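The values are calculated or read from the model by the stated rules, or taken from the named source; none is laboratory data. On a predicted model such as this, the values are computed, not experimentally measured, just so you know. All Cβ positions, even for glycine, are placed from backbone atoms using ideal geometry, and neighbour counts span all protein chains on display.
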């Protein structure tokens, strides 16, 4: 049998049930307002840079009077300024006998390619390890000169073991083939001016690695 | 023919029936009811209109690079990103905020990009000036949202080694930018 209080509870329960139904079945929600927009963006592609080089070619430039010396190599080459004879010694430098005043030229082409609107950097010719100074008195006395000829414009020459040339690939003027010339000179006198006399005999000119690099900056 | 006379017992039942009938007649025919008094009047109130919170579609969409400057869509397609570059996507959105107590926050978000270049770049979406708390006074004033894409000059490899040839010719496909205007919680 349902009592009066029982009926009241039943009625209250029904009212709450109705309210819940009203709140949950209507169009509104309990969250705040919110609006959102979506925008398409896009794609970006990275640039690139690459440095390739040809095989190095070695020339021996002599200042001795023509015919005053012998060469192991018979392949001649273009004379440098002040030279009297030139031989290609790419594969046979070790077979030659050097004389004070000789210059050994290391020639190669490096090609810089790249893409990038802001791509700029330094093209560096590092001849610091071409001559190993501690190998001999001859190596210690050898001088190094670097000449870099860009695809456009004039050559740059430095006396020393490193040449740094700023290039701007993004501007369209930095890409292309650069001619690299490293000249190792054998001075006619010891450092300080003393004569070599017999000091050069059996001395070894130890040539090692020539490095060319492009570094973005 | 003689009339039939009621017996005393039948007389009593007849009187009771008349009394009940009279009672019902009194109750039903006297004009009174069982309800309490009642009266009503109608009073005019007024209308309430809900506010509004909405956001326009992005406009004035543009691209630029820190060194180069503005990039058209065609220029962006031809553009090649290199370490140290910072590319900015910019768009304007205009909020509509109507409601005395309506305070909302404008945010910009972009999901992770795809493409191999995504492993190397930093991508950040933002509302210029930080996430903006906007009120009715800000309604109708355009706000700039940005996506900044940076290819770091160095990713912390060997000293002096830079990035080597990492990420070269890789492509970055940015996801859609989502700009949200959401009502703040009520205190």
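Being in contact with a strand residue (DSSP E or B) (Cβ under 9 Å, 6 or more places away or on another chain), under 30 Å from residue A:119 (Cβ atoms) and without any contact (Cβ under 8 Å) to a residue 24 or more places away in the chain: is that true of residue B:88 here? For residue B:88, the condition - in contact with a strand residue (DSSP E or B) (Cβ under 9 Å, 6 or more places away or on another chain), under 30 Å from residue A:119 (Cβ atoms) and without any contact (Cβ under 8 Å) to a residue 24 or more places away in the chain - is not met.
Against the numbered list (1) crowded, with 18+ Cβ neighbours inside 10 Å; (2) closer than 30 Å to residue A:215 by Cα, residue B:153 comes up short only at (1).
Check region A:81-90 and report whether any residue there is loosely packed, with under 15 Cβ neighbours inside 10 Å and either closer than 30 Å to residue B:178 by Cβ or in contact with a helix residue (DSSP H, G or I) (Cβ under 6 Å, 6 or more places away or on another chain) (or both). No; the residues of region A:81-90 include none that is loosely packed, with under 15 Cβ neighbours inside 10 Å and either closer than 30 Å to residue B:178 by Cβ or in contact with a helix residue (DSSP H, G or I) (Cβ under 6 Å, 6 or more places away or on another chain) (or both).
One line per residue, one yes/no per condition, for (1) at the interface with chain A (Cβ under 10 Å from one of its Cβ atoms); (2) in contact with a strand residue (DSSP E or B) (Cβ under 8 Å, 6 or more places away or on another chain):
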{"residue": "B:103", "(1), (2)": "yes, yes"}
{"residue": "B:114", "(1), (2)": "yes, yes"}
{"residue": "B:121", "(1), (2)": "yes, yes"}
{"residue": "B:148", "(1), (2)": "no, yes"}
{"residue": "B:169", "(1), (2)": "yes, yes"}
{"residue": "B:175", "(1), (2)": "yes, yes"}
{"residue": "B:180", "(1), (2)": "yes, yes"}
{"residue": "B:187", "(1), (2)": "no, no"}
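Checking B:146, B:80 one by one, the residue that is surrounded by 12 or more Cβ atoms within 10 Å (Cβ to Cβ) and either without any contact (Cβ under 8 Å) to a residue 40 or more places away in the chain or on the phi > 0 side of the Ramachandran plot (or both) is B:80 and no other.
In region A:115-129, the qualifying residues are those that are over 11 Å from the mean Cα position of the chain (by Cα) and away from chain B (no Cβ under 14 Å), and the one that is surrounded by the fewest Cβ atoms within 10 Å (Cβ to Cβ) is A:129. Any residue at all in region A:175-194 that's assigned to a loop (DSSP other than H, G, I, E, B) and under 27 Å from the mean Cα position of the chain (by Cα)? Within region A:175-194, one or more residues are assigned to a loop (DSSP other than H, G, I, E, B) and under 27 Å from the mean Cα position of the chain (by Cα). On inspection, residue B:90 does not qualify as over 28 Å from residue B:165 (Cα atoms), loosely packed, with under 15 Cβ neighbours inside 10 Å and either within 13 Å of chain A (Cβ to nearest Cβ) or at pLDDT below 95 (or both).
Those residues that are exposed (fewer than 13 other Cβ atoms within 10 Å of the Cβ) and closer than 30 Å to residue B:92 by Cα, I need them from region A:39-80; list them, please. Across region A:39-80, the qualifying residue is only A:40. Here residue B:130 qualifies as closer than 30 Å to residue B:96 by Cβ and free of Cβ contacts under 8 Å to residues at least 24 places away in the same chain. At pLDDT below 95, within 14 Å of chain B (Cβ to nearest Cβ) and part of a loop (DSSP other than H, G, I, E, B), is that true of residue A:32? The answer is yes for residue A:32.
Scanning region B:129-144 turns up no residue that is touching a helix residue (DSSP H, G or I) at 6+ places or on another chain (Cβ under 8 Å) and at pLDDT 90 or above. So for region A:106-114 (the condition being farther than 30 Å from residue A:171 by Cβ and away from chain B (no Cβ under 14 Å)), does at least one residue qualify? Checked against the condition, which is being farther than 30 Å from residue A:171 by Cβ and away from chain B (no Cβ under 14 Å), region A:106-114 yields no hits at all. Within region B:105-126, the set of residues being within 21 Å of the chain's Cα centre (by Cα) and without any contact (Cβ under 8 Å) to a residue 40 or more places away in the chain comprises just one member, B:126.
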